[in-house]
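Just below is one structure, and these are the notes that go with it.
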Amino acid sequence: MWTRVLLLLTFLPWIWLKWTADYSKYDLLAAESEKYLSAIFGDDHIPIENAPASWLSPLYPPLNPYVDGLRVLIVAPASSGTIRCRTAVFTFSQQPRYRALSYEWGPPGVTLPILLNGVKVHLRENLWYALYHLRHSHDEVSLWTDVLCINQQNDLEKARLIPQMSMVYRRAEEVVVWLDNYSVPPYLQLYLPQMAKWQGTPKEIDWNYHTTWWDEAVPWLYRLIHARYWQRTWIIQEIGEAVRLKVHFAGGSLSWDAFVSAVHTFGKVFPYVSGTDRVDTLNNLRNLKRDGEIYSLSDLVCEFRDTFCSMPQDKLFAFLGMADDDSALIITAAYDQPLIDMYYQFLQYLSRSTLETVIKEVQIVHRSALLRYLRARKQGAVSYSELKPCSVDMKDDPYNYYYTTKDSNDKEFLQVGTDYRRKWKEWHTCTAWLQRSCWLPSAAESLQEWRAADLSLISMIKARGVLITQMEHIGPTITTFLKSGQAAKHWKLLVMKHFDQQPVQKSVIALNERMIDFITQSSSADAISSIGAFCISSKCPSEPARLFIGSNGVLGLTSPTAQVGDYIVQFFNSTSSAVVRDSHREWTIVGRAGVVKEGYSHDWDIIDDISVFSETTPEQDSKGQVVTLRMDINTLTQLNLNSIQLRDGNHHPDCRPMAPPDTPGVLPSILSLLRIWRRVVLDDYIIPFAFGVLTLSAYYFDLFAAYITIMLGVGLYWISLRLTL
């Protein structure tokens, strides 16, 4: 009797989970069916941001060109079934009430339909799900979202509205952070309000209250923290300018403070898991801006250089509205202009800005090279597999899990306790491959790509640097040094003799050994080539870079135009140095140099202390004198060409080019249809019917046969689950 009762009770949890689902399976079926059937049989499902301009006139009501304003998206109640929206135009003086959406566009290959102003248009999947979950059951919802409120095919409109986006997000009643379609675990939904109380490590948390849902929250938080949303460039402005901020996901939401608190707790439990630092950086930005911290455009570009955007211009344009200086008055967010013009505008901003002029003179060599580098480097993707048990001494350790890439053995460890084991294994069965954006290796810069034909575009540029040494000896070319062992030995003897009986002799000999190791590495080849190719006149020797010895025990390489007696000027945060000559009390740039770094590293030397560049008045020939050099655009470009070697967190050895958004093949489409069948038909109809029949059979007939049949059914369901992830 009790066995039969227990068998009947096994059916009840499944019924509860089905009734607590937070989405409509019928709408999901319609969306999934249209998406994947179109991939097989074809359809012109063009995303609205890529649609021809002739299609878009009824979708975007015109804005008043003389008054600042915006379009607001009015989303119809959910009771209407299909997502229906209309756009309304307001001026900022009308103080419209709306919520601004912050989200990731996502891949362009998957689109879903909505009705906008009575016209059927297609949106990328992530925006469609955001609108689906944010609409109200009975009332209209006012939202602002970039794709539907800015005509993406109108470059003039974008140039005008993009600098106003900071105002759009600041004046919104609430900024909605949409973290993809990551559903809240059903049991955790009841405890979302309590997440704000998370403080400290697990030992400091009241486990009598929190243990019941902490093991549900851990894998779910891991996915939220590692969402590709946090790698986007545009979210810096959207989160930084928001007055009221809320994090939304499928089935629930958290205030920003509650979400940050949960992330901090997660980081204390798993200190070796990456990802929490991105949330901390954004939270610190919000706090510092409210404390009066000033952020220039140049600072923002440098601080958030490791973020991703689909268009290279957005590495600059995404910060125009947020910057506290006069950059928006100098730089135009024109997407139709060549990328080299964006570089010229950035140089104009650094040289003409009336705010923090001295700081910009100090930073211009590094920041101009940084912008070129950010514009040139390409975005790729690395795929991560689901969680699997670690192998320790040929045995599976059930309390340690890792992420591993498809093409590498690199592992990211997660240590979990006994209480979490069940939930981690449950997550293991339902987590498919994840992707993260990363940077592809960058190609060498070419001067021809950035050379200005008209030098009158920008007046002479001022760059502030520090005299660090005077050249006392110029040695062989890098080619001669590398191809001849005798030349390398002769150079070492020359260095020893030059510093004979001096206190720095031993340290200089050690520095010379590191220099030899460094200049033979492939990573320094592009910079060495640029040093040798530096030329600002029509008569330059066609020779590669040369080794040099400077005063104060300085070693490095210089362009062949340098002479004994010339000085080396270093710039802030730059691996590139200028060779200058004193001609009638005016410093003239005659070449480029690279100074080898002291210590145990193999790299070019840099000065990262900005206080070194403050005004000083030492003797003319003393080390540390601050000088201001004047140069044209091409000289500056030659001076810092190939001088950037970023090592940010988004570099990965397995980074691969992102796949183009081609139509899926027949097999993936069939699997997608199988996913629809499994998630909707199988879950909603076949499984409950089968469980009912088997339960009645077990009750009235053969208990053993029913259990065997159940196990076979579970096995077949598990196979379909794995195939359709």
Segment ASP336-GLU173, length gained on full extension (0.36 nm per residue, minus Cα span): 55.4 nm
Stretched out fully, how many nm does the piece from CYS302 to LYS492 gain, at 0.36 nm a residue minus the Cα gap? 64.5 nm
Suppose each label sits 7 Å from its Cα in the direction of the beta carbon; what would the MET460-GLU586 distance come out to in nanometres? 0.6 nm
Distance (nanometres) between label positions extended 7 Å along Cα→Cβ at ALA453 and LYS289: 4.0 nm
Taking the Cβ of GLY599 as the center, what net charge do the other residues with Cβ under 15 Å away carry, scoring Lys and Arg +1 and Asp and Glu -1? -3
Using DSSP to define loop residues, name the trypsin sites (Lys or Arg not before Pro) in region 506-578 whose beta-carbon has at most 16 other beta-carbon atoms within 10 Å. LYS539
How long is the gain from SER542 to VAL89 if the chain were fully straight, where each residue apart is worth 0.36 nm and the alpha carbon distance is subtracted? 156.8 nm
What ranking, highest mean first, results for peptides 335-344, 577-586 when packing means the other Cβ atoms within 10 Å averaged over each residue? 577-586, 335-344
Separation in nanometres of the label points that stand 7 Å from Cα toward Cβ, at GLN501 and ARG630: 4.6 nm
FRET efficiency (ASP608, ARG244; Cβ distance; R0 56 Å; to 0.05) is 0.90
Could you sort 369-376, 292-299 so that the peptide with the highest average Cβ count within 10 Å comes first and the rest follow in order? 369-376, 292-299
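Bear in mind these aren't lab numbers, they're just calculated from the coordinates by the rules spelled out. Here the structure is a predicted model, which means the values were calculated and not measured. Virtual Cβ from ideal backbone geometry, glycine too; neighbours counted across all protein chains shown.
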